[in-house]
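This report refers to the structure that appears directly beneath it.
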Amino acid sequence: LRKSTVGGIVYFSLVRATKANSNILICPVGEDCEPTPPLDPFRLLVSGGAGLSVATTPFVVTNGGMNEIMVIQEPVLAIQAQYFGDASQPILALVDSYGNAVLNL
C-alpha cells in the first residue's frame, strides 16, 4: 500500500479487491432455480486517530476472466457407459483466479 498527500488529500495506490460481488447459482438437475440477488455492494471503511472514521459510497467489484473450472459437487455412483443419476450429476463453476464465479464469458 502506498500513499501520497497533496493539498490535504491522501491518495492511495496498489489497493485491490479480490472478492467480486456475485453468487454462484447451483441448480440441481430437474429443478427450476431462481438466481439469488447479487451481494450488497462493498464499502471501504477508513479510520484514523481520535476515533474518526468514514465509509466510502457503495461500489461493485466485478469478476476477472475465467481462470479455471472448479468442481462444486463430485459425481457419485458412476457406472461404465451409463449416464449419472440425477442426484449424482457433477456440478462445476467457472471461476477467476480468486475463486469468484465468472458470470459472463
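For segment 40-92, list the strands (runs of 3 or more DSSP E) that sit wholly inside it and hold at least 2 residues that are in contact with an Asp or Glu (Cβ under 7 Å, 6 or more places away or on another chain), of a type in the set (S, T, N, Q) and at pLDDT 85 or above; which are they?
none
Could you count how many residues in segment 56-104 are more than 26 Å from P41 (Cα to Cα) and in contact with a Leu (Cβ under 7 Å, 6 or more places away or on another chain)?
So the answer is 3.
Out of all the residues in segment 56-94, which are within 30 Å of I9 (Cβ to Cβ) and either surrounded by fewer than 10 Cβ atoms within 10 Å (Cβ to Cβ) or touching a helix residue (DSSP H, G or I) at 6+ places or on another chain (Cβ under 8 Å) (or both)?
T57
Suppose we keep only residues that are closer than 20 Å to I72 by Cα and either in contact with a helix residue (DSSP H, G or I) (Cβ under 8 Å, 6 or more places away or on another chain) or of a type in the set (G, A, S) (or both) within segment 1-39. Which one would you say is modelled with the highest pLDDT?
Ranking the candidates gives A20 first.
The values are calculated or read from the model by the stated rules, or taken from the named source; none is laboratory data. Because the structure is predicted, anything quoted here is derived from the model rather than measured. FYI the Cβ positions are ideal-geometry reconstructions off the backbone, even for glycines, and counts take in every protein chain you see.
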